[in-house]
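I have placed the structure first, in the form of structure tokens, so that the comments after it can refer back to it.
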Amino acid sequence: MGLGILADGKWISEREQEDEQGKFIRPSTTFRNKITADGSSGFKAEPGRYHLYISWACPWAHRTAIMRRLKGLEDVISLSVVAPEIEQNSWEFSDEPGCIPDTVNHTRYLWEVYLKADPDYSGRVTVPVLWDKQTNTIVNNESREIIRMFDTQFDGKEGVNFYPKDLQTVVDNTIDAIYQPINNGVYCAGFATTQSAYEEGVTELFDALGHWEKVLEQQRYLCGDCITEADWCMFTTLLRFDSVYYVHFKCNLRRIVDYPNLWNYLKDLYQQPGVKETCNLDHIKRHYYKSHPKVNPSGIVPLGPIINFDAPHNRSEVFKTLTYTSR
């Protein structure tokens, strides 16, 4: 991938990411503290205290940007956006279009933010990163936990709730179910270094897509009649699929546009108010095609495909249901 790693506070620009069978291995995230509404965790949910570092290109970071936007937390949690392309020093801050410099720690590279939190840090340097301005440390760099905190612990937009009490177990189980074969599955296919590892990843991926295609024939969203956190976890992978994963990661058995229910579902989510403003396909394509020299040595970014996410969808006609819910 060309992604580096910090080892005892020192930057190493190259590292291996596969096991002996050529399977892609995603190391676990490291910072796992929680923000709570009452502050019992040591990190209280309060305006102006936290800063979010993201990349528009990264699907994991994209989840957090969507939740920040839809929950109305843009004036509560400040934002920095790294440049789309990864080079020897990994994620870098820039003043190019779509980027926002590090106005909190004033760093050039994201790994410097990690060292400010822990000068002896060893591990991956990834987005998203949720930073606490009060204690000058990283609270959390696990996207699933960050979106849950944004959704449930901050005073966001009234009536917007993506983790309703009666669906919490279903939401958690669904996020678990789509993670390995779909969210991580595209990477298992794309970064595989043996034919068997690639075929295993692709088979699991398309089996899972076929399953959810059938589910979405019966209900509007993954967990029923309302949008939940699970849908935003699925959305960021589907958004990138036809433009990137289909070609770049060789996930080319079918496109998302070839699945009637998944394609209309994707357009439904994209057209929810505020979502398209978080979708930067220029950053997405430039990141993947130019940052993975082992996968795409030429670094050429394809012009296509032409995809109209604003085209009409049929989900609201087929399913007369809620979208956001406060239940």
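All conditions in (1) surrounded by 23 or more Cβ atoms within 10 Å (Cβ to Cβ); (2) in contact (Cβ under 8 Å) with a residue 40 or more places away in the chain hold for residue 104, with the sole exception of (1). Residue count for the range 87-109 satisfying the condition of being out of contact with any Phe, Trp or Tyr (no Cβ under 8 Å at 6 or more places or on another chain) and either assigned to a loop (DSSP other than H, G, I, E, B) or not assigned by TED's automatic domain parsing to the domain that holds residue 13 (or both): 7. Flag: residue 74 matches the condition of being in contact with a helix residue (DSSP H, G or I) (Cβ under 8 Å, 6 or more places away or on another chain), closer than 30 Å to residue 159 by Cβ and either part of a loop (DSSP other than H, G, I, E, B) or not assigned by TED's automatic domain parsing to the domain that holds residue 293 (or both). Applying the criterion of being closer than 22 Å to residue 240 by Cα and among the aromatic types (Phe, Trp, Tyr) to the residues of the range 163-198, the residue that is surrounded by the fewest Cβ atoms within 10 Å (Cβ to Cβ) is 179.
Pairs are defined by a Cβ separation below 7 Å, a sequence spacing of at least 6 or placement on different chains, a first member in the range 39-55 that is in contact (Cβ under 8 Å) with a residue 40 or more places away in the chain and assigned by TED's automatic domain parsing to the domain that holds residue 135, and a second member that is of a type in the set (D, E, K, R) and not in a loop (DSSP other than H, G, I, E, B); the pairs so defined are 43/132; 49/132; 50/132; 52/68. When you scan the range 186-220, how many residues do you find that are within 15 Å of residue 262 (Cβ to Cβ) and either in contact (Cβ under 8 Å) with a residue 60 or more places away in the chain or not assigned by TED's automatic domain parsing to the domain that holds residue 293 (or both)? Matching residues across the range 186-220 total 3.
Taken across the range 233-243, residues that are touching a strand residue (DSSP E or B) at 6+ places or on another chain (Cβ under 7 Å), under 23 Å from residue 61 (Cβ atoms), among the acidic types (Asp, Glu) and modelled with pLDDT of 95 or more do not occur at all. Taking residue 30 as the residue in question, decide whether it is farther than 26 Å from residue 293 by Cα, modelled with pLDDT of 75 or more and more than 21 Å from the chain's Cα centre (by Cα). Here the answer is no, as residue 30 does not meet what is asked. Taken across the range 84-107, residues that are under 20 Å from the mean Cα position of the chain (by Cα) and closer than 22 Å to residue 40 by Cα do not occur at all.
The values are calculated or read from the model by the stated rules, or taken from the named source; none is laboratory data. The shown structure was predicted, so the numbers you read here are calculated from the model rather than taken from an experiment. FYI the Cβ positions are ideal-geometry reconstructions off the backbone, even for glycines, and counts take in every protein chain you see.
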